[in-house]
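Working notes, structure below.
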Amino acid sequence: MADNILEVRHLKKYFKTSRGMLHAVDDINFTLERKKTLGLVGESGCGKSTTGRAILRLLEPTSGEIIFEGKDLNKLSKTQMRHMRKDMQIIFQDPFSSLDPKKTVSQIIAEPIKENKIITDKLLREERVLELMETVGLAERYINTYPHELDGGRRQRIGIARALAMEPKLIVCDEPVSALDVSIQAQILNLLKDLQEKLGLTYIFITHDLSVVNHFSDDIAVMYLGQIVEKAPAEELFDNPIHPYTQALLSAIPIPELGHQRQRVALRGEITSPIEPPEECRFAKRCLMCNPEICKASVPVLMEVSPSHFVACPLKQKEMGLLK
Amino acid sequence: MAEEHDILNIEDLKVRFETEDGTVYAVNGVNLRLGYHKTLGLVGETGAGKTTTALAMLRLVPDPPGVVECKRLEIDGQDVRGMSITKLEQVRGKDISMIFQDPMTALNPVFTVGQQIAESIEIHEHLGKAEALEKAGDMLEMVGIPRARANEYPHQFSGGMKQRVVIAIALACNPKLLIADEPTTALDVTIQAQVLELMNELKEKYDTSMIMITHDLGIVAEVCDEVAVMYAGRIVEQGSLEEVFGKTMHPYTEGLFNSLPNIKNRTAKLKPIHGLMPDPTKLPEGCPFAPRCNYATEDCRKAVPELHRASGTHMVACSAYERDKNFMIDRRKR
Ligand SMILES: Nc1ncnc2c1ncn2[C@@H]1O[C@H](COP(=O)(O)OP(=O)(O)OP(=O)(O)O)[C@@H](O)[C@H]1O
Ligand SMILES: Nc1ncnc2c1ncn2[C@@H]1O[C@H](COP(=O)(O)OP(=O)(O)O)[C@@H](O)[C@H]1O
Ligand SMILES: [Mg+2]
Ligand SMILES: [Mg+2]
């Protein structure tokens, strides 16, 4: 039996806007095995960050269940939730704005330990900060510097140390390397991988960079306008993409190699608005394969087309005999 | 027919910024020649000096704090260095035009996109308002936006559409040289693919030469004929796409490739370049890459290596090749 740390069921997060309800996350379902990484990919605005935040209940979900370690987070009291929150941390994209500029490195890392009264003794706390700094590869001499005095890579290391301070089980990494140069990006990706191995961490890894997600994840979920359109083990998704959107996305990655022959899956037209979206496939307007009779008949459902490979394209489901 | 000059010829370009926190040595002796109808990829990480190099070509480096020195700066055979402002204004837009890093700020929110394209045509082609607007409509269609939308304002367009408008403005006067500074960095990949395809098409159609500034080696492979890799204000390796990608010579270029996840081998471990970019106010003595280089010796820290021709059009600035004729980098070993 798989040891699932997290199960997300029918998660929705809507935002009220002047033009109507914005369906940022619209019925997301998945399970995540302990010590594994789920990559969440998709283009800007498709709801990756909102999903991550709603899971941690940094945002109150509109509806849905989040089962963490067998407990439904919605049913927990405030104090219970406070305890649970230690186990779930987040690392943000922008190491520049996510750190308090008035605090030193030491204060930033120590803050969650202090606030949650994990270590009350000041000296012991400082010892723990040094230990965390070593874990993430930050030299001791930075302990009293301010974030703005450091470069992006080191700032991201502070963010990671701070997340690790609570000894979490699950970390949502929201575009942790997107703001970094490639040579620094690789340093941070390797660090996150090593930490996962050493500390048995489970990650939800949010990114729009497909080659990064492929390298980093065990499973990948592709999102489009608030919904998962395809989910599969990384290798399977890249070898055998089925949803037309996944195919277009993968074929758009520029490959840094000579003579790479690509067969680009072209897209057309406009992007559907996430505000009060119609009850049909949200990708239909851009999809060259779209058959309105099938694709606009109802909201597609994610179906397992082969072991662990889920697709929400009614056309493909029909082709495979899964849909009448 | 062979032209007697190149579209671009720069010799020994140096730019420094004199700021309160010290002097930033942004560009430190760059030589660049680009033939007609060629596309050069100028690659490097943040702060390498790519944008500053491009701005210097257009004489747009802010002064103060910028100080520009250059032994030669010719665009289409004309010396740009001593040019009067009026003449310079003509050259910008007509001969050379630039797409800036951030498409969102390049457009004026209070004018329609049609007006903005027409304005640039009016100035450079001496056409009347009506004619210019007509041509603006053509340009919009050319970048795949219906001309009926010319009356809309930038905020009504998506990021990809805005970037197309910026491209339309840059190409409206058929410049001979187009400089595109990270034109797709702010866009989603599927939109990026469309914009790159469009740029490739237009380049062919109008025979434009282009400098594509980017940090993305994938984009370089997709659109460039030639590559120049910049580090700490210097070009460290230069050559045709085949030369630089097929037979990488500079350890920094190797490091860039090794830092990228390999899409065909997902479990291959990344090999980052250790350490950080040097502080441009305190560049190290000798080769600026030496402190991060796996091949560096004491000699590397003594003198800055010059760009040497290795073979064909392939140039590299690395003293390992001077020390050892058989020195080689094998990227496939990774
Ligand atoms: N507080 C909010 N109020 C209203 N709409 C919001 C709010 N937060 C997010 N949204 C909307 O929800 C949708 C999903 O946003 P989200 O930030 O989750 O996207 P994302 O996939 O993380 O995008 P990116 O790659 O740009 O970070 C977008 O349409 C966004 O505009
Ligand atoms: N106006 C300016 N004032 C001071 N420093 C500047 C200015 N413009 C650029 N620089 C500095 O010059 C160096 C090169 O910058 P830039 O050309 O923008 O690099 P790139 O485009 O390769 O990222 C950097 O160290 C940058 O901080
Ligand atoms: Mg986000
Ligand atoms: Mg730049």
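The values are calculated or read from the model by the stated rules, or taken from the named source; none is laboratory data. Everything quoted here is computed from the prediction, not taken from an experiment. As a convention, Cβ positions derive from the backbone with ideal geometry for all residues, glycine included, and neighbour counts pool all protein chains shown.
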> Counting just the residues of region B:196-213 that are crowded, with 24+ Cβ neighbours inside 10 Å and either within 13 Å of another protein chain (Cβ to nearest Cβ) or in a helix (DSSP H, G or I) (or both), which one comes out modelled with the lowest pLDDT?
Replying inline: B:199
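Here's the yes/no breakdown for (1) more than 13 Å from every other protein chain (Cβ to nearest Cβ); (2) surrounded by 21 or more Cβ atoms within 10 Å (Cβ to Cβ); (3) away from ligand 2 (no atom under 16 Å from the Cβ); (4) not small (Gly, Ala, Ser):
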position	(1), (2), (3), (4)
A:162	yes, yes, yes, yes
A:169	yes, no, yes, yes
A:174	yes, yes, yes, yes
A:185	no, yes, no, yes
A:189	no, yes, yes, yes
A:197	no, no, yes, yes
A:204	yes, yes, yes, yes
A:212	no, yes, yes, yes
A:225	no, yes, yes, yes
>> Take residue B:230 and tell me if it is in contact (Cβ under 8 Å) with a residue 24 or more places away in the chain, more than 24 Å from residue B:160 (Cβ to Cβ) and in contact with an Asp or Glu (Cβ under 8 Å, 6 or more places away or on another chain).
In response: no
> Hey, which of the strands (runs of 3 or more DSSP E) in region A:33-102, taking only ones fully inside, have at least 3 residues that are more than 14 Å from chain B (Cβ to nearest Cβ)?
Replying inline: A:63-68, A:88-91
> Name the residues in region A:1-51 that are without any contact (Cβ under 8 Å) to a residue 40 or more places away in the chain and within 20 Å of residue A:278 (Cα to Cα), would you?
Replying inline: A:15, A:16, A:18
>> Within region B:121-134, does at least one residue satisfy the condition of being crowded, with 18+ Cβ neighbours inside 10 Å, within 18 Å of the chain's Cα centre (by Cα), touching a residue at least 12 places away in the same chain (Cβ under 8 Å) and more than 14 Å from chain A (Cβ to nearest Cβ)?
In response: no
> If you take just the strands (runs of 3 or more DSSP E) that sit entirely in region B:1-112, which of them hold at least 3 residues that are in contact (Cβ under 8 Å) with a residue 60 or more places away in the chain and within 10 Å of ligand 2 (Cβ to nearest atom)?
Replying inline: B:22-34
> Residues in region A:65-91 that are more than 18 Å from residue A:4 (Cα to Cα) and among the small types (Gly, Ala, Ser): how many?
Replying inline: 1
> Taking region B:32-52 as the region of interest, how many residues are closer than 19 Å to residue B:225 by Cα and either within 16 Å of ligand 3 (Cβ to nearest atom) or crowded, with 22+ Cβ neighbours inside 10 Å (or both)?
Replying inline: 7
>> Which numbered condition in (1) within 11 Å of chain A (Cβ to nearest Cβ); (2) under 24 Å from residue B:29 (Cβ atoms); (3) modelled with pLDDT of 90 or more is the only one that residue B:260 fails?
In response: (2)
> Which condition breaks for residue B:188 when tested against (1) within 16 Å of ligand 3 (Cβ to nearest atom); (2) over 17 Å from residue A:268 (Cα atoms)?
Replying inline: (2)
